[in-house]
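Beneath this line is the structure, given in C-alpha cells, with notes to follow.
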C-alpha cells in the first residue's frame, strides 16, 4: 500500500482527478483546501509582501488529495494527475508524491479486491 498526496493548484481539475481515480479502481480519497507557504507569508509577514507579484498568477486555494491505494495503482494515479493537471514540473501546477504504508485500519477495499479479514497489518 502507498499513500498518495497530491496538491492541485487548479481547483476546476479536482472532479476530473477524482473521476479518474474511480476509473482506476481507487475508491477512497480525502480532499482538503490548502494554501501554499508563499501565499501565507505574503499576507502575514510584511517583509515577504514582494511575493504578491509572483503569486498574482497562482490560485489562492489549492486542493490537497490524500489517498491510500494498492501499490500497483500508484504509477497509473501519477499518470492521471499529469494528464489532467499538466506537467507537474511546471510552476504553479501542483505537486504529488507517494510514501509506502505498512499498516492501515479502517480502509475500505478498492474496486475488484476482496476485503482482508485481518485488515490492519498489510506487511504480514
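The values are calculated or read from the model by the stated rules, or taken from the named source; none is laboratory data. Just so you know, these numbers come straight off a predicted model, no measurement behind them. All Cβ positions, even for glycine, are placed from backbone atoms using ideal geometry, and neighbour counts span all protein chains on display.
For (1) under 27 Å from residue 105 (Cβ atoms); (2) surrounded by 12 or more Cβ atoms within 10 Å (Cβ to Cβ); (3) modelled with pLDDT under 95, each residue gets a yes or a no:
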position: 5; (1), (2), (3): yes, yes, no
position: 20; (1), (2), (3): yes, yes, no
position: 25; (1), (2), (3): yes, yes, yes
position: 37; (1), (2), (3): no, no, yes
position: 44; (1), (2), (3): no, no, yes
position: 48; (1), (2), (3): no, yes, yes
position: 55; (1), (2), (3): no, yes, yes
position: 59; (1), (2), (3): no, yes, yes
position: 62; (1), (2), (3): no, yes, yes
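Kindly check whether there is at least one residue in segment 86-93 that is at pLDDT below 85 and over 12 Å from residue 8 (Cβ atoms). Yes; the residues of segment 86-93 include at least one that is at pLDDT below 85 and over 12 Å from residue 8 (Cβ atoms).
Of the residues examined, residue 81 is one that is modelled with pLDDT of 95 or more and in contact with a strand residue (DSSP E or B) (Cβ under 6 Å, 6 or more places away or on another chain).
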